[in-house]
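Contents: one structure, followed by commentary.
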Amino acid sequence: MPRLIVAVDEANATLRRLARYWETFRQKDDPKTSPAIAALEEALWVGRAARVHVIFDGRPQSTVLRGTARELFATVILARFTADTWQVLAPDAGPAPKQRHLQRGHFHVVQHGGVDETQAIRMTDADVVAWLTNPDDPTA
């Protein structure tokens, strides 16, 4: 099965809207939680085992997803951020690193309270399609 990458843009707003939409149209016998949010929760908890990777733009509020966002995400990737954004998305990593001009393709990776500056793999659209459709091909 090929990898599936789910990108959720503006996670806070998207999740609130999904919950509000479900509240509006939910019937009496329907589950309380939106099926879309339930599926996303499932992907977050078992996604890698099923070759599903979820990428959030923004931090999902724990009031929408069950559990807390910090428990769901082991890695936070940040580039061009403000100190306020750092405190919201990576509070356990301490104060935001001093901003200096990062080279193109560089970003900060926060894991287990530590911070590392690293560089992204730069891929063309064709490279990404090849990697997603045939991940076991060493040339992709």
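The values are calculated or read from the model by the stated rules, or taken from the named source; none is laboratory data. Computed from a predicted structure; not experimentally measured. Ideal geometry is used to build each Cβ from the backbone, glycine not excepted, and the neighbour counts take in all protein chains shown. Note: accessible area is taken over every heavy atom of the protein model, side chains too, but ligands, DNA and RNA are not part of it. Shrake-Rupley method; radii C 1.70, N 1.55, O 1.52, S 1.80 Å.
Selection of region 52-81 for residues being in a loop (DSSP other than H, G, I, E, B), surrounded by 12 or more Cβ atoms within 10 Å (Cβ to Cβ) and at pLDDT 75 or above yields Ala79, Phe81. Residue check: Ala7 meets all listed conditions (1) surrounded by 11 or more Cβ atoms within 10 Å (Cβ to Cβ); (2) assigned to a strand (DSSP E or B) but one, namely (1). Can you spot a residue in region 25-32 that is of a type in the set (D, E, K, R), surrounded by fewer than 13 Cβ atoms within 10 Å (Cβ to Cβ) and either part of a strand (DSSP E or B) or under 20 Å from the mean Cα position of the chain (by Cα) (or both)? Checked against the condition, which is being of a type in the set (D, E, K, R), surrounded by fewer than 13 Cβ atoms within 10 Å (Cβ to Cβ) and either part of a strand (DSSP E or B) or under 20 Å from the mean Cα position of the chain (by Cα) (or both), region 25-32 yields no hits at all.
Scanning region 108-128 for residues that are surrounded by 10 or more Cβ atoms within 10 Å (Cβ to Cβ), modelled with pLDDT under 85 and aliphatic (A, V, I, L, M), which turns out nearest to Asp57 (Cα to Cα)? Per the criteria, the residue is Ala120. Just the residues that are open to solvent by 80 Å² or more (accessible area, probe 1.4 Å) and either at pLDDT 80 or above or within 19 Å of the chain's Cα centre (by Cα) (or both), please, taken from region 89-107. Once the filter is applied, which keeps residues that are open to solvent by 80 Å² or more (accessible area, probe 1.4 Å) and either at pLDDT 80 or above or within 19 Å of the chain's Cα centre (by Cα) (or both), region 89-107 yields Asp92, Pro95. For the condition at pLDDT 80 or above and within 25 Å of Arg51 (Cβ to Cβ), Asp84 does not qualify.
Pairs are defined by a Cβ separation below 6 Å, a sequence spacing of at least 6 or placement on different chains, a first member in region 106-120 that is at positive phi, and a second member that is at pLDDT 85 or above; the pairs so defined are Gly113/Ala93. Residues in region 33-43 that are open to solvent by less than 30 Å² (accessible area, probe 1.4 Å) and in a helix (DSSP H, G or I) were compared, and the one that is farthest from Leu18 (Cα to Cα) is Ala43.
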